[in-house]
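Asker: Before I ask anything, let me first share the structure, which is written out below as structure tokens.
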Amino acid sequence: MNQPVPVHVIRLRGPWEYRPLARTVMLADGSCRSEVGDLPAAGRIKLPADWGSTLGCDFRGRVAYLRRFGRPTGLGAADRVEIVITRIDAWGSVRLNGRELGEIPVGGHVWRCDITSHMAVRNELLVEVELPRVTGDSPPPVRPGREGLPGGLIGEVRLEIIASGDG
């Protein structure tokens with residue numbers, strides 16, 4: 001299936017706010033459990049990047065990334081706006097203005113969602129990323145080329161404005 005060609009791209013590189021939510025461990029059945037312990041401090045980061053420089057290379061858990069942006073101007077009535085996340089490590093979920101948009105599965109695939117009807121004048125995009133600690137009993141997440149590295153929002157996040165075919 002061919003993807004429509006955007007007429008305009010807005011890259012959401014930074015600054016992003018980040019906040020560690022929990023340290024997590026993957027269990028033998030593939031589910032995750034939160035662990036007790038202190039969390040690193042929240043802060044700001046320019047993306048794309050893994051969390052090694054801010055949370056430490058050994059941090060394993062769930063982190064929330066928040067970015068605010070304005071509704072693009074000059075949209076036609078039939079134009080669409082899609083959010084595109086090119087890669088996270090390892091998996092996550094996406095919310096816009098408190099509304100769940102979807103889950104991003106493990107595996108490094110591009111994720112996209114039409115957000116046209118969900119946008120306000122001012123918007124908050126929240127991406128939660130999880131990379132749990134694995135044990136000898138748990139299956140490791142599939143992380144092509146990222147084995148042993150810190151997790152995070154490692155791909156580009158952008159808005160793609162796709163013009164209607166009406167002219």
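Asker: Yes or no: Val106 over 18 Å from Arg19 (Cβ atoms), open to solvent by less than 30 Å² (accessible area, probe 1.4 Å) and among the β-branched types (Val, Ile, Thr)?
Answerer: Working: over 18 Å from Arg19 (Cβ atoms): yes; open to solvent by less than 30 Å² (accessible area, probe 1.4 Å): no; among the β-branched types (Val, Ile, Thr): yes.
The answer is no for Val106.
Asker: Considering every residue within segment 47-64, establish whether at least one is open to solvent by less than 50 Å² (accessible area, probe 1.4 Å), more than 14 Å from Gly152 (Cα to Cα) and either at pLDDT 95 or above or small (Gly, Ala, Ser) (or both).
Answerer: no
Asker: Could you list, in sequence order, all residues of segment 85-103 that are open to solvent by 40 Å² or more (accessible area, probe 1.4 Å) and either aromatic (Phe, Trp, Tyr) or under 9 Å from the mean Cα position of the chain (by Cα) (or both)?
Answerer: Across segment 85-103, the qualifying residues are Arg87, Trp91.
Asker: Oh, and also: May I ask you to say which residue of Pro72, Pro150 is at pLDDT below 95 and either crowded, with 17+ Cβ neighbours inside 10 Å or not hydroxyl-bearing (Ser, Thr, Tyr) (or both)?
Answerer: Working: Pro150 fails: at pLDDT below 95.
Within the list Pro72, Pro150, the selection yields Pro72.
Asker: Counting just the residues of segment 109-137 that are over 20 Å from Tyr65 (Cβ atoms) and hydrophobic (A, V, I, L, M, F, W, C), which one comes out surrounded by the fewest Cβ atoms within 10 Å (Cβ to Cβ)?
Answerer: That would be Val121.
Asker: Considering only segment 153-167, state which residues are among the charged types (D, E, K, R) and either at pLDDT below 90 or open to solvent by 60 Å² or more (accessible area, probe 1.4 Å) (or both).
Answerer: Of segment 153-167, the ones among the charged types (D, E, K, R) are 156, 158, 160, 166.
Residue satisfying the conditions is Asp166 alone.
Asker: When the residues of segment 59-108 are narrowed to those that are acidic (Asp, Glu) and out of contact with any Gly (no Cβ under 9 Å at 6 or more places or on another chain), which ends up farthest from Gly37 (Cα to Cα)?
Answerer: Of segment 59-108, the ones acidic (Asp, Glu) are 79, 82, 89, 100, 103.
This time we only want the ones that are out of contact with any Gly (no Cβ under 9 Å at 6 or more places or on another chain), so: 79, 82, 100.
Details: Asp79: 47, Glu82: 38, Glu100: 28 Å.
Only one residue fits best here, namely Asp79.
Asker: Val36 fails exactly one of the following numbered conditions: (1) at pLDDT below 90; (2) under 19 Å from the mean Cα position of the chain (by Cα); (3) β-branched (Val, Ile, Thr). What is the number of that condition?
Answerer: That leaves (2) as the condition not met.
The values are calculated or read from the model by the stated rules, or taken from the named source; none is laboratory data. Just so we're clear, the structure is a prediction, and the values are computed from it rather than from any experiment. Cβ sites come from the backbone with ideal geometry, for glycine too, and all protein chains shown count toward neighbours. Quick note on the areas: whole protein, heavy atoms, side chains included, nothing else; ligands and nucleic acids left out. Shrake-Rupley method; radii C 1.70, N 1.55, O 1.52, S 1.80 Å.
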